[in-house]
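> Sharing a structure below in structure tokens format, with a few things to ask.
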Protein chains: 2
Amino acid sequence: MEDTMFNDLLASVGEAKEILQHKKQPSRSFMIDEPDAKSIRARLKMTQDEFAGLLNISVNTLRNWEQSRRKPEGPARVLLGIAATHPEVFAH
Amino acid sequence: MEDTMFNDLLASVGEAKEILQHKKQPSRSFMIDEPDAKSIRARLKMTQDEFAGLLNISVNTLRNWEQSRRKPEGPARVLLGIAATHPEVFAH
DNA sequence: ACAAAAACTACGCCATTGACTTACTTATTT
DNA sequence: AAATAAGTAAGTCAATGGCGTAGTTTTTGT
């Protein structure tokens, strides 16, 4: 595979860079402040086991999140946001 | 916004579900076993500060990863994989 | 070319999380 | 109705994430 497809993606990455450099306002945030893992999972109609596998965490950790015993860390919050808004990227 | 777009996405989520249930083999993995944060960041041509912001981690954590002092956890590995293969989802 | 600023390396320390375990309850399926 | 799957709840501990400090390298501006 050539790099052309990857280079195409760099256009939107450039946008991401601008957003992060605060030169541009994001149309809508891709990060959720306090993501509700339970409701996101419910929308995707997955079991705890399935959703945990998707996020590459143990079921127990997902349960800790859903029961508000622990709260997901930074990267996990971003990942939950992606699961909520762009679940298709997990498929391939 | 209606739910139609979201429902469209559910098709691919269904595929993700099948993959996770081991009923289907993924064409190619979306998760990297040992993601090299440094090289992924290099391809995206971002500074450590920018990339850390994208992943919602502190710069120090990214540095720990790049210098092999710590290794990213489950969800962070998935997120790095997405950054490598689908960086456009971070833009909006 | 040179100084200033930005980017990066390196590491010590501590609070919080993630993973594992056990026990129990609720829902689903056959 | 019994068996199986799914989910609630909570205790323990190692590893990570975040923060601080100090020094080095690279980039930028004049």
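Bear in mind that the values in this text are calculations on the coordinates, not laboratory data. All values reported here derive from a predicted model rather than from experimental measurement. Because the Cβ atoms are built from the backbone with ideal geometry, glycine has one as well, and the counts that use them run over all protein chains shown.
> Once the dipole of segment B:35-92 is set up with Lys and Arg at +1 and Asp and Glu at -1 on Cβ about the Cα centre, which of B:Leu80, B:Trp65, B:Phe51 lies farthest towards its positive end?
The listed residue farthest towards the positive side: B:Trp65.
> Now for a separate question. What are the distances, in nm and sorted shortest first, from the label point of A:Ala42 to the label points of the same position in each other copy, with each label point placed 7 Å from Cα along the Cα-to-Cβ direction?
4.6
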